[in-house]
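Working notes, structure below.
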Amino acid sequence: MSDRQKRILVGLVAGLVLSFIVHSASRSPGSFITELIEGYEQRSYDGRMRSKASFSEEGSLDQVVIVDIDLSSIEAMGNYYDWPHAYHGQLIDVLASGGPSAILFDIIFDPKSTYEHELVGALASGLSGSQPDLQEAADQYLVNNDPYRLVQSTYESPQVHHSLVIEHPDTVNYLYAMDSIPGAYGAAAHVLDLPAHVAERLPTGERIGNLHFDLLNASHHMGAANFPPDTDGIIRRAPTAIHFKGSGDVFPSITMSAAMDILNIPPDGFDYDLDHNLLRLNDATGATVREIPVDDQGRIPVNYFGSFKTFTYIPYLYCFDPEMLDPSYWEGKVAIVGSSLAGLGDLKSTSVQRSFPGPEIHANVIHSILQDDFVRPVSRSTNLWAMVVLSCVLGMVCGVPGRPFWGFGLLIIFGMAWVVYTTGQFLSHGTMWDVVRPMASLTLTQLSVFSFTFLVMDRDKRFLRDTFGTYISPELIEQMVEDKEEPKLGGDEAVHTAFFTDVQDFSTISEQLTATDLVELLNIYLTDMTTILLNNQGTLDKYIGDAIVAFFGAPVPLDDHALRACKTALEIQERLELLRGKWIDDGDRWPEIVRTMQNRIGIHSGPMVTGNMGSDQRMNYTMMGDAVNLAARLESSCRYYGIYTQITEDTYSAVKERVVVREMDRIIVLGKKEPVTTYELVSLKGEQPDHMDELLPGFAEALSLYRDREWARARDLFESLEAHERMVPGRKTNPCRVYAERCEQYKNDPPPEDWGGVTALTAK
């Protein structure tokens, strides 16, 4: 099994195992990890909900309308706590006349003393018409302040739904547990018909908090108004029903009470499937009217359609004046009576805002039910399998590159993609996926693959880096590790490209510099040139004084080794030109010969042996072969022509589509019998200098005349072209001058008939 396959397998196993570990550890009730992850999951939930709410507009929803006991109403009607219940009875009469679908009171009514009402009644009866003005005022007071008006209006209006508070020990006003429903309250008409095993799984209360039994008994509909928050105090879920522990009865929430009435759901129409997190509302025929997502306690996720005042708010006072608001406005609407004032103590902390009116929470819930538009949390099992798939895929993908730190980039990509996907799913479909648990699993999976790659697999890389890092590029080392292309002891024969470069007149340079300056100069030069070599994935063989010996295509095969060698040569010449400029800028720091420094490069592609050569005690990764010697001779022969980079026809044939060259000569190097065609490497295609535009075609023509033995014409043409040669400082001759002199020589002393245009070199 290859290293890559091992990493992929480790990633797969890590993703699978860690997904189940994260799932199990974060679902254990009461554990620290569960609380930690659940807390961050809730923040993620809130973030998506706020994102959705940001698209809403104030007053954009009016199917559910909030009758707001606001500041203007209190200023006009007096202190709210002094309001007689009759005001609310009058409100019911006005609203009911408009034909609303439901009227919900998010208000808890307690019995009030009737002393003042009875006193005024007694005084009015004693007037006996003797003081008509006072009699009229007294009668009006009795009408406006009748404590039974609310009860009577409630009884006469089947659309009204009042709030019932079922307290549990953590409730602020909780006093003691009740072992039964107070006898004065006939609750049977308001309870749901549910099996005991289902009821016991619902949110539980131990005390009925409001004691206005006349109102409770007069109400056709009653529902619990409780909003138990999550552990962080934020309301994300609303009960659909609450179990009163004392009697075992189950009361619907006030919003479910209204939904039951509007959708014609009977008391036995609640079909809880808590194992699958569903509540089905069935009508009298048994047909399912709504399928509501709930948690394992029957709580519905509150689908917040927007921030504060997304629903229409109408001041309480306006409802009494037909000129300000015609009662027909309420036809088919749901009216929720409550207050948005902080002083009345009904502001809650929610996912979208930390101060949010309780009536608007009810509005969001009832609107969600009526519109069949819910937040749909994905089941635990589905979240688990999504986490498994994500983690396994990430683990395997991270295992492919073999570069430990690349996995963190992939982790970020996967994490961002999951966040974008889950947010999009929520905004478009209301689907609520887990975010934090998959992110935790992804992170742990990547860390596992990273640890395996870095701590176990990286030992091979460290070995190779320590052994070859000084003369092989990091990219090649990475590839050697990945492909298991370790250099073989003894050597390996293949076609590669040999590369030789040497500084022109280095002996003279050495004579003019102190030893310290010479070392400094060489370090600058060799550092820059070696960097270029390694960046092009060349392999450094050795330094010989100022000379650099290198090759391309080993220890890791490179299909384009010849092109890489040519690019290296061109980049080296460009870099040397920049160094000359720097040395010139240094003024008298360096002598003239340094400021005009040139180097020569020879390149040849051919069969050679590369590998570890030497002894058991000391080895060197190097190259050997006839092709190597030819490249060295090519570098040396550059000085005869006054050129700086020379390549053979074997190299040129591999790169001719990518480079510009000038054919230089047919030579026989010392120790060889067969001639070799050589070329001056000018540039990459499309990058040749302007002076070459006329020089190259003219030189080719002159060279053809030279080989045809037309000495005079060839000489004249070479001499005319010499003006286009770029005689940079330090250049002692040029090819046009060399060939013009040869033509003159051959004119007087022609070569033999079998000459063939070949020049035999007599020195290395």
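The values are calculated or read from the model by the stated rules, or taken from the named source; none is laboratory data. Everything quoted here is computed from the prediction, not taken from an experiment. Glycine also receives a Cβ, built like all others from the backbone with ideal geometry; neighbour counts cover every protein chain displayed.
Tell me, yes or no, whether the stretch 554-562 has at least one residue that is modelled with pLDDT of 95 or more and crowded, with 20+ Cβ neighbours inside 10 Å. Within the stretch 554-562, one or more residues are modelled with pLDDT of 95 or more and crowded, with 20+ Cβ neighbours inside 10 Å. Within the stretch 297-335, restricting attention to residues that are within 24 Å of residue 263 (Cβ to Cβ) and charged (D, E, K, R), the residue that is nearest to the chain's Cα centre (by Cα) is 299. Remark: residue 434 matches the filter, which requires a residue to be on the phi < 0 side of the Ramachandran plot, under 32 Å from the mean Cα position of the chain (by Cα) and crowded, with 21+ Cβ neighbours inside 10 Å.
Would you call residue 78 closer than 19 Å to residue 109 by Cα, modelled with pLDDT under 90 and out of contact with any helix residue (DSSP H, G or I) (no Cβ under 6 Å at 6 or more places or on another chain)? Yes.
Residues in the stretch 321-348 that are assigned to a helix (DSSP H, G or I) and either surrounded by fewer than 18 Cβ atoms within 10 Å (Cβ to Cβ) or among the hydroxyl-bearing types (Ser, Thr, Tyr) (or both): 327, 328, 329, 342, 343, 344. Across the stretch 384-440, the qualifying residues are those that are among the hydroxyl-bearing types (Ser, Thr, Tyr) and out of contact with any Lys or Arg (no Cβ under 6 Å at 6 or more places or on another chain), and the one among them that is farthest from residue 371 (Cα to Cα) is 391. From the list 670, 630, the lone residue that is assigned by TED's automatic domain parsing to the domain that holds residue 500, over 18 Å from residue 739 (Cα atoms) and assigned to a helix (DSSP H, G or I) is 630. For the stretch 539-549, does any single residue satisfy the condition of being farther than 20 Å from residue 630 by Cα and touching a residue at least 40 places away in the same chain (Cβ under 8 Å)? No, that holds for no residue. Residues satisfying the criterion are present in the stretch 736-751 (criterion: among the β-branched types (Val, Ile, Thr) and either closer than 28 Å to residue 580 by Cβ or in the same structural domain as residue 500 (by TED's automatic domain parsing) (or both)).
Listed here are the residues, each with its yes/no results for (1) in a helix (DSSP H, G or I); (2) in contact (Cβ under 8 Å) with a residue 24 or more places away in the chain; (3) hydroxyl-bearing (Ser, Thr, Tyr); (4) not assigned by TED's automatic domain parsing to the domain that holds residue 233.
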position: 16; (1), (2), (3), (4): yes, yes, no, yes
position: 23; (1), (2), (3), (4): yes, yes, no, yes
position: 36; (1), (2), (3), (4): yes, no, no, yes
position: 39; (1), (2), (3), (4): yes, yes, no, yes
position: 47; (1), (2), (3), (4): yes, no, no, yes
position: 56; (1), (2), (3), (4): no, yes, yes, yes
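Looking only at the stretch 711-738, count how many residues are basic (Lys, Arg) and crowded, with 20+ Cβ neighbours inside 10 Å. Number satisfying all stated conditions: 1.
Checking each residue in the stretch 296-320 for being in a loop (DSSP other than H, G, I, E, B) and either surrounded by 14 or more Cβ atoms within 10 Å (Cβ to Cβ) or hydrophobic (A, V, I, L, M, F, W, C) (or both) picks out 297, 298, 302, 303, 304, 305, 306, 307, 308, 309, 310. Between 30, 39, 47, the distinction of being modelled with pLDDT of 90 or more and small (Gly, Ala, Ser) belongs to 47 only. For residue 565, the test of being in contact with a strand residue (DSSP E or B) (Cβ under 7 Å, 6 or more places away or on another chain), part of a helix (DSSP H, G or I) and touching a residue at least 12 places away in the same chain (Cβ under 8 Å) is passed.
Yes/no per residue for (1) assigned to a helix (DSSP H, G or I); (2) of a type in the set (Gly, Ala, Ser); (3) in the same structural domain as residue 301 (by TED's automatic domain parsing); (4) more than 26 Å from residue 33 (Cβ to Cβ):
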{"position": "382", "(1), (2), (3), (4)": "yes, no, no, no"}
{"position": "385", "(1), (2), (3), (4)": "yes, no, no, no"}
{"position": "410", "(1), (2), (3), (4)": "yes, no, no, no"}
{"position": "417", "(1), (2), (3), (4)": "yes, yes, no, no"}
{"position": "420", "(1), (2), (3), (4)": "yes, no, no, yes"}
{"position": "427", "(1), (2), (3), (4)": "yes, no, no, yes"}
{"position": "442", "(1), (2), (3), (4)": "yes, no, no, no"}
{"position": "451", "(1), (2), (3), (4)": "yes, yes, no, no"}
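Can you confirm whether the stretch 680-698 contains a residue that is polar (S, T, N, Q) and over 59 Å from the mean Cα position of the chain (by Cα)? No, that holds for no residue. Tell me whether the stretch 607-615 contains one or more residues that are assigned by TED's automatic domain parsing to the domain that holds residue 506, surrounded by fewer than 23 Cβ atoms within 10 Å (Cβ to Cβ) and either modelled with pLDDT of 95 or more or in contact with a helix residue (DSSP H, G or I) (Cβ under 6 Å, 6 or more places away or on another chain) (or both). Checking the stretch 607-615: at least one residue is assigned by TED's automatic domain parsing to the domain that holds residue 506, surrounded by fewer than 23 Cβ atoms within 10 Å (Cβ to Cβ) and either modelled with pLDDT of 95 or more or in contact with a helix residue (DSSP H, G or I) (Cβ under 6 Å, 6 or more places away or on another chain) (or both).
Of all the residues in the stretch 214-259, those that are in a helix (DSSP H, G or I) and either among the small types (Gly, Ala, Ser) or touching a Pro at 6+ places or on another chain (Cβ under 7 Å) (or both) number 4. For the stretch 335-358, the criterion of a residue being modelled with pLDDT of 95 or more and among the small types (Gly, Ala, Ser) is satisfied by at least one position.
Of all residues in the stretch 150-191, those that are under 28 Å from residue 89 (Cβ atoms) and assigned to a loop (DSSP other than H, G, I, E, B) total 12. Only one of the numbered conditions (1) in contact (Cβ under 8 Å) with a residue 24 or more places away in the chain; (2) closer than 20 Å to residue 635 by Cα; (3) surrounded by 12 or more Cβ atoms within 10 Å (Cβ to Cβ) is violated by residue 762, and that is (3). Taking the criterion of being touching a residue at least 40 places away in the same chain (Cβ under 8 Å) and out of contact with any strand residue (DSSP E or B) (no Cβ under 8 Å at 6 or more places or on another chain), the residues of the stretch 658-682 that qualify are 670, 671, 672. The residue that is surrounded by the fewest Cβ atoms within 10 Å (Cβ to Cβ), among those in the stretch 566-591 that are farther than 24 Å from residue 517 by Cα and touching a helix residue (DSSP H, G or I) at 6+ places or on another chain (Cβ under 7 Å), is 571. From the list 572, 548, the one residue that fits, being modelled with pLDDT of 90 or more, under 20 Å from residue 638 (Cα atoms) and in a strand (DSSP E or B), is 548. A single member of 540, 534, 521 is assigned by TED's automatic domain parsing to the domain that holds residue 624, part of a helix (DSSP H, G or I) and within 27 Å of residue 612 (Cβ to Cβ), and it is 534. Cβ separations smaller than 6 Å between residues 6+ apart or across chains give the following pairs from the stretch 67-82 residues that are under 16 Å from residue 112 (Cβ atoms) to residues that are surrounded by 15 or more Cβ atoms within 10 Å (Cβ to Cβ) and modelled with pLDDT of 90 or more: 80/74.
If the condition is being modelled with pLDDT of 85 or more and surrounded by fewer than 17 Cβ atoms within 10 Å (Cβ to Cβ), then the stretch 394-415 contributes 408, 409, 412, 413.
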